[in-house]
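S.K.: The following block contains the structure, expressed as structure tokens.
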Amino acid sequence: MKVLAIGATGFIGRHVVALLVEQGIEVAVLHRGETDADLPDGVRRIRGNCDRLDDAKAELERFAPDVVLDAILYSEQQARGMVQAFRGNAGRVVALSSADVYRNYDGFRGKSTAQPDAVPLAENAPLRDTRYPYRGSGLPFEHADDYEKILVEQVLLTEPDLPATLLRLPAVYGPRDPQHRLRPYLQRMVDGRPGILLQEEQAAWRWTRGYVGNVAAAIALAVADARTVCRVFNVGDEPTLSERKWVERIGAAAGWRGGVVTVSASELPNHLKQPFDWRYELWTDTSSIREELGYVELIPLDEALERTIDWERSTLDVIEPLNYGEEDAVLQSKLNE
């Protein structure tokens with residue numbers, strides 16, 4: 001089998017490529033050459049831009065992939081360009097989508113009047129009514145204004161000549177996580193805080209997460225298994241923990257002696273308030289990929305957290321020290337109750 005991986009030199013992709021190579025799969029990576037591509041020996045490198053695939057058309061046709069893995073399809077235009085480039089030149093495509101397609105994501109962001117959909121969210125759960133969730137947000141992301149995974153999915157799932165598999169990813173964490181998902185809690189733990197404040201509703205809220213090595217294993221499984229064509233799979237680690245349990249597991253892995261302290265929205269310091277509706281959970285049902293493809297996590301939760309914490313600790317010295325005055329006042333008040 002030959003696999004062309006597009007956008008696979010980053011946080012998740014490099015792990016997928018390594019797993020495919022371990023399986024004896026011939027891999028080529030299309031990338032712009034703007035990042036340090038730390039790839040296994042034997043991986044073919046094709047210089048190109050995912051927004052201008054025609055520029056590398058001749059080399060892509062010579063490679064003639066059986067499967068195209070596209071890790072960076074963000075917009076409808078990109079999806080149509082990818083289909084045009086590989087229709088008739090590849091057997092199938094595996095594309096990375098996101099759990100942000102679900103309607104609960106709209107509700108979570110205060111963009112929906114619908115009642116929260118029941119969790120866990122299966123692949124057939126209602127999708128967002130709105131489009132372009134990050135348009136006008138000012139995010140430092142090239143495709144923020146035209147990002148829309150729902151439209152990407154629609155393009156790929158209606159193309160008969162290039163069968164597609166869609167993987168809806170969770171909140172992915174691990175070493176080299178560009179979003180530093182553990183940092184807000186870990187920084188307080190490293191600073192020896194006696195308590196971490198959570199709004200009561202947030203403490204009970206659930207969001208499916210996935211360790212980068214485990215998510216990569218699920219992607220590699222879908223790439224190697226042709227039974228996945230024309231299917232959509234949720235990906236993520238189990239169990240899905242409440243935010244309180246998530247903080248407590250990070251604390252246990254970090255050797256933190258403090259505890260989670262829940263407070264009402266009115267008691268929470270302003271700098272900790274977030275513009276989210278915690279009734280809308282982002283817990284997804286990952287049973288399909290487990291039952292149909294035999295997916296299991298490679299790395300257990302505690303080990304995944306320890307690896308991530310070790311890496312995050314090495315980044316904390318570049319962070320400005322936090323002022324805990326307001327948090328101290330609330331903690332002291334709760335301790336005196």
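The values are calculated or read from the model by the stated rules, or taken from the named source; none is laboratory data. Remember, it's a predicted structure, so these values are computed and weren't measured experimentally. Quick reminder, even Gly has a Cβ in these numbers, built from the backbone with ideal geometry, and neighbours come from all protein chains shown.
S.K.: When the range 204-226 is examined, which residues are found to be surrounded by fewer than 20 Cβ atoms within 10 Å (Cβ to Cβ) and free of Cβ contacts under 8 Å to residues at least 60 places away in the same chain?
M.R.: Scanning the range 204-226 gives no hits.
S.K.: Can I ask one more? Which of the residues spanning the range 139-172 are aromatic (Phe, Trp, Tyr) and surrounded by 22 or more Cβ atoms within 10 Å (Cβ to Cβ)? Reasoning before the result, please.
M.R.: Of the residues in the range 139-172, the ones aromatic (Phe, Trp, Tyr) are 141, 147.
Tyr147 - this is the single residue of the range 139-172 that is aromatic (Phe, Trp, Tyr) and surrounded by 22 or more Cβ atoms within 10 Å (Cβ to Cβ).
S.K.: Residues of the range 243-292 being of a type in the set (Asp, Glu) and either in contact with a helix residue (DSSP H, G or I) (Cβ under 9 Å, 6 or more places away or on another chain) or farther than 19 Å from Glu201 by Cα (or both), which ones?
M.R.: Let us first name the residues in the range 243-292 that are of a type in the set (Asp, Glu), namely 243, 248, 267, 277, 281, 285, 291-292.
Listed by number, the residues that qualify are Glu243, Glu267, Asp277, Glu281, Asp285, Glu291, Glu292.
S.K.: Right, next: Among the residues of the range 104-117, is any among the aliphatic types (A, V, I, L, M) and within 21 Å of the chain's Cα centre (by Cα)? If you could, list the steps in order and put the result at the bottom.
M.R.: So the first thing to find is which residues in the range 104-117 are among the aliphatic types (A, V, I, L, M), and the list is 114.
Still in the running and within 21 Å of the chain's Cα centre (by Cα): none.
Scanning the range 104-117, I find no residue that is among the aliphatic types (A, V, I, L, M) and within 21 Å of the chain's Cα centre (by Cα), so the answer is no.
S.K.: With respect to Leu182, determine if the residue is crowded, with 18+ Cβ neighbours inside 10 Å and more than 29 Å from Glu26 (Cβ to Cβ).
M.R.: yes
S.K.: Output the number of residues of the range 195-221 satisfying the condition of being outside any helix (DSSP H, G or I) and under 20 Å from Arg313 (Cβ atoms). It would help to see each step written out before you state the result.
M.R.: Filtering the range 195-221 down to residues outside any helix (DSSP H, G or I) leaves 195-199, 205-211.
The next check asks that each one be under 20 Å from Arg313 (Cβ atoms); those that pass are 196, 209, 211.
So the count comes out to 3.
S.K.: A further question follows. Cβ-Cβ distance below 6 Å, separation of 6 or more or different chains: which pairs start in the range 299-321 with a residue that is under 16 Å from Trp246 (Cβ atoms) and touching a residue at least 60 places away in the same chain (Cβ under 8 Å) and end on one that is assigned to a loop (DSSP other than H, G, I, E, B) and among the aromatic types (Phe, Trp, Tyr)?
M.R.: none
S.K.: Now for a different question. Could you grab me the full set of residues in the range 142-178 that are under 19 Å from Tyr105 (Cβ atoms) and assigned to a strand (DSSP E or B)?
M.R.: Scanning the range 142-178 gives Leu166, Leu167, Arg168, Leu169, Ala171, Val172, Tyr173.
S.K.: What tally of residues in the range 91-119 results from selecting those that are buried (at least 20 other Cβ atoms within 10 Å of the Cβ) and assigned to a loop (DSSP other than H, G, I, E, B)?
M.R.: 1
S.K.: From the list Arg257, Arg181, Arg244, which residue is under 16 Å from Glu312 (Cβ atoms), at pLDDT 95 or above and among the basic types (Lys, Arg)?
M.R.: Arg181
Residues are listed down the side, and each one gets a yes or a no for (1) more than 30 Å from Gly107 (Cβ to Cβ); (2) under 23 Å from the mean Cα position of the chain (by Cα); (3) hydroxyl-bearing (Ser, Thr, Tyr); (4) modelled with pLDDT under 95:
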| position | (1), (2), (3), (4) |
| --- | --- |
| Arg249 | no, yes, no, no |
| Arg307 | yes, yes, no, no |
| Asp310 | yes, yes, no, no |
| Val318 | yes, no, no, yes |
| Lys334 | no, no, no, yes |
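S.K.: Next question. Just to check your reading of the model, which residue among Leu53, Leu96, Leu39 is modelled with pLDDT of 95 or more and not hydroxyl-bearing (Ser, Thr, Tyr)? If you could, list the steps in order and put the result at the bottom.
M.R.: On the way: Leu53 fails: modelled with pLDDT of 95 or more; Leu39 fails: modelled with pLDDT of 95 or more.
So the residue among Leu53, Leu96, Leu39 that is modelled with pLDDT of 95 or more and not hydroxyl-bearing (Ser, Thr, Tyr) is Leu96.
S.K.: Here is a further query. Tell me, which residue of the range 129-167 that is touching a Gly at 6+ places or on another chain (Cβ under 9 Å) and among the charged types (D, E, K, R) is nearest to Gly88 (Cα to Cα)? Show your work before the answer.
M.R.: First, pick out the residues of the range 129-167 that are touching a Gly at 6+ places or on another chain (Cβ under 9 Å): 144-145, 161-163.
Of the ones still in play, those that are also among the charged types (D, E, K, R) are 145, 161.
Details: Asp145: 31, Asp161: 7 Å.
So, considering only residues that are touching a Gly at 6+ places or on another chain (Cβ under 9 Å) and among the charged types (D, E, K, R), the one nearest to Gly88 (Cα to Cα) is Asp161.
S.K.: Can you tell me which residue within the range 222-232, out of those that are assigned to a helix (DSSP H, G or I) and of a type in the set (A, V, I, L, M), is farthest from the chain's Cα centre (by Cα)? Can you show your working first?
M.R.: Taking the range 222-232 and keeping what is assigned to a helix (DSSP H, G or I), we get 222-224, 226-228.
In the following step, the residues that additionally are of a type in the set (A, V, I, L, M) were identified as 222-224, 226.
Details: Ala222: 16, Val223: 18, Ala224: 21, Ala226: 23 Å.
So the residue we want is Ala226.
S.K.: Would you confirm, using the coordinates I've provided, whether Leu166 is touching a helix residue (DSSP H, G or I) at 6+ places or on another chain (Cβ under 7 Å), of a type in the set (A, V, I, L, M, F, W, C) and in contact (Cβ under 8 Å) with a residue 24 or more places away in the chain? Before the answer, list the steps.
M.R.: Working: touching a helix residue (DSSP H, G or I) at 6+ places or on another chain (Cβ under 7 Å): yes; of a type in the set (A, V, I, L, M, F, W, C): yes; in contact (Cβ under 8 Å) with a residue 24 or more places away in the chain: yes.
Yes: the conditions hold for Leu166.
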